[in-house]
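In what follows, a single structure is set out as structure tokens and then discussed.
The values are calculated or read from the model by the stated rules, or taken from the named source; none is laboratory data. Predicted, not measured: the structure shown is a model, and the values here were computed from it. As a convention, Cβ positions derive from the backbone with ideal geometry for all residues, glycine included, and neighbour counts pool all protein chains shown.
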Amino acid sequence: MDTPAGDLIALLDLQQTGESAFRGHSPASAGKHLYGGQVVAQALVAATRTVPADRPAHSLHAYFVLAGDPQTPIDFNVERIRDGRSFTTRRCVATQQGRTIFSMEASFHVLEEGLEHSRDMPTAPAPESLERIDALVDRFRAFLPAPAENWMKRACALDMRIVAPETLLTANHAGQMIWFRVQGPLPDEPALHNALLAYLSDMTLLNTALVAHGRNIFDPAIQVASLDHALWLHRSLRVDDWLLYVQESPNAGHARGLTRGQIYARDGQLLASVAQEGLIRMRTNI
């Protein structure tokens, strides 16, 4: 599949180097920084490959220990913590040149019937009625720093539509809503769609804490980095269908910001929940 979506799938196709060991790489276009969502997704792929196919992942909790180098391969070692009758637990540690850069625990669960409820999806305009990212760049070019413009216009597999983008240019405590999808179609492999959602769940989330102060992650006066990341997968999903990412930041303090997100299907079903804390440090030497 020689397409941006195919490149994304290839990124998650890890090389197996041992019974519970895998190796991943970064795309040539990665730049200077290793994207956190990539490591989360690759670690989930590594853990999933040690679990029976009838036990999909339902949650993961991860810590970013060191900044990774996109020019260096990433080695993932999976520890088989527990294989129970209904649940399977795995721990995955990612290293580069012998140094731990990331750790994750993930839980997998046999699908069972049970009680169901979920929070209603907020009202949002249809994604087709919103501007594409390239159109937003043209409209807001005067307000965008060069790194933001380059990131937003970079060719990739993601179609993203921001609800009320003008509110991102001023202090906004209401959070943000973003429609997104991978421009597919993609294979009918539930584990792949879960891994791709893990990849995308880190995108734009930390920015929600900065938007509350009228800033953004491209501000050279601010040092930002993801510190931890948690993802709960509530229902089966497809990332080549439109998904609404509803994001909020309930707190910031002590150079850290807490963000939360809920991801909905277009029909209003709550598919996943996300939480993340990130470093938000004001630079003093610029």
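For region 209-224, residues that are modelled with pLDDT of 90 or more and of a type in the set (S, T, N, Q) total 1.
So that you can scan it fast, the table gives a plain yes or no per residue for (1) among the small types (Gly, Ala, Ser); (2) over 20 Å from the mean Cα position of the chain (by Cα); (3) in a strand (DSSP E or B); (4) at pLDDT 95 or above:
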| residue | (1), (2), (3), (4) |
| --- | --- |
| MET1 | no, yes, no, no |
| ASP13 | no, no, no, yes |
| GLN16 | no, yes, yes, yes |
| PHE22 | no, yes, yes, yes |
| ALA41 | yes, no, no, yes |
| ALA53 | yes, yes, no, no |
| ASP69 | no, no, no, no |
| PHE76 | no, no, yes, yes |
| GLU79 | no, yes, yes, yes |
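With respect to the conditions (1) within 15 Å of the chain's Cα centre (by Cα); (2) surrounded by 19 or more Cβ atoms within 10 Å (Cβ to Cβ), TYR63 lacks only one, and its number is (2). Of the residues that sit in region 141-164 and are over 25 Å from THR3 (Cα atoms) and surrounded by fewer than 17 Cβ atoms within 10 Å (Cβ to Cβ), which one is modelled with the highest pLDDT? The selected residue is ALA164.
Mind checking which residues of region 233-263 are in contact (Cβ under 8 Å) with a residue 24 or more places away in the chain and surrounded by fewer than 17 Cβ atoms within 10 Å (Cβ to Cβ)?
Taking region 233-263 first, the residues in contact (Cβ under 8 Å) with a residue 24 or more places away in the chain are 233-249, 252, 255-259, 261-263.
Passing the criteria: HIS234, ARG235, SER236, ASP241, ALA255, ARG256.
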